[in-house]
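Written below as structure tokens is the structure these notes are about.
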Amino acid sequence: IPTSKKTYTQDWPAYNAAQTNEYDHFVYLLRGLCDGIQDQLQVGRGRPVTRRSDAVFACVLKVYEGMSGRRASSEIDRAHKQGLLSKRVPYNTVAQYMGDEGMRSLFRILLQESASPLVGVEGTTFAPDATGFGTRNYDRWVDEKWGTAKKRQQFVKAHAICGTSTHIVTDLIVSPGGDTVAFKPLLDATCQRFVVERIVADKGYSSKGV
């Protein structure tokens, strides 16, 4: 029996406006998100420290641009001229903050906060999943067949959970651990802001401990 393919209409004026003005919306939303960060106090004398809210803004903008720290410097300087940064953030300061292990929990909190405006729009069904990606670091390993030392790229996994209505990511954890280990923290964090009635996941999350 022939069936007709279901099609969906597109609001092209709204779509085009969102695409062509994405950067302008992004930087101002990011600034509003960073304004909620409590800056550390200056201790002692010396060069004034970079405000944590400015450092986070610069780090996220660098990643958004998809460029190295040096190449992203012009975009960060442009944000400063627009009044989005209280001071210019050098690329080496961006690299220092991105390498700070303590920033991981802060970035996770900001991601959770960024999803909060959709609490009244998102439904009650959520879906967790994970994907692996390579880093620029390499481990040493021994090839059992040839007995020679070789390099192996380090891989980590990004465990995320999103709403199935708006596809908003409500929480994310970067960890080398398995799916079942990350599932409960993802779900607990999502339940703090959203009403969760149903979870859709693959068999990788099937465990007696979950």
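Taken together, the residues in region 177-199 that are modelled with pLDDT under 95 and in a loop (DSSP other than H, G, I, E, B) amount to 2. Looking across region 11-42 at every residue that is among the β-branched types (Val, Ile, Thr) and not in a loop (DSSP other than H, G, I, E, B), the one that is surrounded by the fewest Cβ atoms within 10 Å (Cβ to Cβ) is identified as Thr20.
Could you tell me whether Val94 is assigned to a helix (DSSP H, G or I), at pLDDT 95 or above and not aromatic (Phe, Trp, Tyr)? Working first, answer last.
Values: assigned to a helix (DSSP H, G or I): yes; at pLDDT 95 or above: yes; not aromatic (Phe, Trp, Tyr): yes.
Yes.
The residues of region 165-178 that are more than 18 Å from the chain's Cα centre (by Cα) and in contact (Cβ under 8 Å) with a residue 40 or more places away in the chain amount to a single one, Ser165.
Specify which of the listed residues (Val174, Val169, Val156, Val142) is at pLDDT below 95, of a type in the set (Val, Ile, Thr) and under 18 Å from Leu110 (Cβ atoms). It is Val174. For region 51-92, filtering for residues that are buried (at least 18 other Cβ atoms within 10 Å of the Cβ), among the basic types (Lys, Arg) and over 20 Å from Leu106 (Cα atoms) leaves 0. Listed by first and then second residue, the pairs linking a residue in region 191-202 that is farther than 23 Å from Glu113 by Cβ to a residue that is of a type outside the set (Val, Ile, Thr), with Cβ atoms under 6 Å apart and 6 or more places separating them unless they lie on different chains, are Val200/Ala127; Ala201/Pro128.
Of everything in region 114-123 that's open to solvent by 50 Å² or more (accessible area, probe 1.4 Å) and either without any contact (Cβ under 8 Å) to a residue 40 or more places away in the chain or not in a loop (DSSP other than H, G, I, E, B) (or both), which residue is nearest to Ser74 (Cα to Cα)? Quick ask: steps written out before the conclusion?
Filtering region 114-123 for residues open to solvent by 50 Å² or more (accessible area, probe 1.4 Å) gives 114, 117-121.
Next cut, either without any contact (Cβ under 8 Å) to a residue 40 or more places away in the chain or not in a loop (DSSP other than H, G, I, E, B) (or both) only: 114, 117-118, 120.
On the way: Ser114: 26, Pro117: 31, Leu118: 33, Gly120: 38 Å.
Going through the qualifying residues, I end up with Ser114.
For the criterion of being basic (Lys, Arg), in contact with an Asp or Glu (Cβ under 8 Å, 6 or more places away or on another chain) and free of Cβ contacts under 8 Å to residues at least 24 places away in the same chain, Arg88 passes. A search for C-beta distances below 7 Å between a residue of region 65-77 that is within 12 Å of Thr93 (Cβ to Cβ) and β-branched (Val, Ile, Thr) and any residue that is in a loop (DSSP other than H, G, I, E, B) and open to solvent by less than 20 Å² (accessible area, probe 1.4 Å), counting only pairs 6+ apart in sequence or on different chains, returns Ile76/Val89. Entry remark, region 93-113: residues being open to solvent by 70 Å² or more (accessible area, probe 1.4 Å) and touching a residue at least 12 places away in the same chain (Cβ under 8 Å) number 4 in total. Within region 192-208, the residues that satisfy the criterion of being under 16 Å from Gly163 (Cα atoms) and surrounded by 13 or more Cβ atoms within 10 Å (Cβ to Cβ) are Arg193, Phe194, Val196, Ile199, Ala201.
The values are calculated or read from the model by the stated rules, or taken from the named source; none is laboratory data. Keep in mind it's a predicted model, so treat the numbers as computed, not measured. FYI the Cβ positions are ideal-geometry reconstructions off the backbone, even for glycines, and counts take in every protein chain you see. The accessibility values were calculated without ligands, DNA or RNA, using every heavy atom of the protein model including side chains. Shrake-Rupley method; radii C 1.70, N 1.55, O 1.52, S 1.80 Å.
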